[in-house]
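> Dropping the structure in here first, questions after.
The values are calculated or read from the model by the stated rules, or taken from the named source; none is laboratory data. Since the structure is predicted, the reported quantities are computational estimates derived from the model, not experimental observations. Counting neighbours? That spans all protein chains shown, and the Cβs are built from the backbone with ideal geometry, glycine included. The protein model used for the area step is the full one, side chains on, heavy atoms only, and it has no ligands, DNA or RNA in it. Shrake-Rupley method; radii C 1.70, N 1.55, O 1.52, S 1.80 Å.
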Amino acid sequence: MNYPFDLPTAWFILIGVLLTGYAILDGFDLGAGMLHLFAKKDHERRVILNAIGPVWDGNEVWLLVGGGALFAAFPPVYATAFSGFYLAFMLVLMGIIFRAVAIEFRSKEESPKWRAFWDKAFAVASFVLPLLMGVALGNLVIGVPLDAEGEYAGTFWTLLSHPYPIILGVTTIAMFMLHGAIYLSLKTSGEFRETIRVWVRNSMIFYFVSFALTTVATFVFAPHMAAKIQSMPILFLLPLLNILALANVPREIHHGRDFFAFLSSCFSIVMNLALFGIGMFPNMLPSNPAPENSLTVLNSASSHTSLTIMMTIAIIGVPFVLAYTAGIYWVFRGKVDEKHLHY
């Protein structure tokens, strides 16, 4: 079968869509995990866990599918990233494991010390994951040292040696914290919801300041990202829509329309990652200071036959993932029942 479009570019876009789906879905439960640290009562912490409990593991399917697609569609990029950033990926894996174990183990004992330990483990893991994700995106923007074979020539600390990835890591924390606070406001009621609405306001200030700092830092440290948008004036619509979506969040929260505030937050994440993808293309893993060693959509794609077969599988399989996700959220819609907490 011959598809009427460029397959490597189509897979670049599809992987971006899968990772954007992950950022939207796992972003709010990571945000809820970070805010879990600020809950003062055991009952409040249980409400937070029950708000994300039925969906958090399903959200991570999108990360697995995105990683699998990267492995199959762009094997050199997958090999370089997973071998060169081994320690960073191990920290991500530990964070995912600690979150899962903390959610399951916390309610197995009534001991306050036992619960306090797993509460801290859950919150710390929830902070580490978005921080590393933001650092990874920041390094992709400014480039990493690759040798002539496309192998990573730096260390784990090289990834943390530039201020831009750190700024992006903090901004990702702020973005997910706001996203999580809005989701919790959507899922709770009564006195605790009023507490969460304070968290929404504080998270909003944190994110708006971080977003402004990232914008300035991008012009200073990664002017090529802005140049890509300047070369096609129609792309200015993306940052404009992003700002409008962010500005709509406090408006919807003020009127008590949490669902529309959540949709605005989702849309803002989509715009952020769309800008990132457009700025990166056609690079998958840019090399700095030797751009000729970069891994791109063209020089790292699988064979035409492999991409064609995978595209057919994706066209059949992705609707099932979407249906599964929609079904789970439909079944567990509505507010958390505080009289029947399972976690």
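> Could you list, in sequence order, all residues of the stretch 195-215 that are within 19 Å of residue 140 (Cβ to Cβ) and either more than 20 Å from the chain's Cα centre (by Cα) or buried (at least 18 other Cβ atoms within 10 Å of the Cβ) (or both)?
Across the stretch 195-215, the qualifying residues are 210, 211, 214.
> Filter the stretch 330-343 for residues that are touching a Leu at 6+ places or on another chain (Cβ under 9 Å) and open to solvent by 40 Å² or more (accessible area, probe 1.4 Å); which is nearest to residue 186 (Cα to Cα)?
So the residue we want is 335.
Here is a yes/no grid of residues against (1) among the β-branched types (Val, Ile, Thr); (2) outside any loop (DSSP other than H, G, I, E, B); (3) surrounded by fewer than 19 Cβ atoms within 10 Å (Cβ to Cβ):
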{"position": "104", "(1), (2), (3)": "no, yes, yes"}
{"position": "113", "(1), (2), (3)": "no, yes, yes"}
{"position": "117", "(1), (2), (3)": "no, yes, yes"}
{"position": "129", "(1), (2), (3)": "no, yes, no"}
{"position": "139", "(1), (2), (3)": "no, yes, no"}
{"position": "158", "(1), (2), (3)": "yes, yes, yes"}
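> What do you reckon, is residue 108 of a type outside the set (A, V, I, L, M, F, W, C), open to solvent by 50 Å² or more (accessible area, probe 1.4 Å) and in contact (Cβ under 8 Å) with a residue 12 or more places away in the chain?
For residue 108, the condition - of a type outside the set (A, V, I, L, M, F, W, C), open to solvent by 50 Å² or more (accessible area, probe 1.4 Å) and in contact (Cβ under 8 Å) with a residue 12 or more places away in the chain - is not met.
> Turning to a different aspect of this structure: Out of 48, 15, report the one residue that is open to solvent by less than 60 Å² (accessible area, probe 1.4 Å), under 19 Å from residue 268 (Cα atoms) and not in a loop (DSSP other than H, G, I, E, B).
After applying the criteria, what remains is 15.
> Considering only the stretch 287-329, state which residues are in a loop (DSSP other than H, G, I, E, B), open to solvent by less than 40 Å² (accessible area, probe 1.4 Å) and out of contact with any helix residue (DSSP H, G or I) (no Cβ under 7 Å at 6 or more places or on another chain).
If the condition is that a residue be in a loop (DSSP other than H, G, I, E, B), open to solvent by less than 40 Å² (accessible area, probe 1.4 Å) and out of contact with any helix residue (DSSP H, G or I) (no Cβ under 7 Å at 6 or more places or on another chain), then 290, 294 are the ones that fit.
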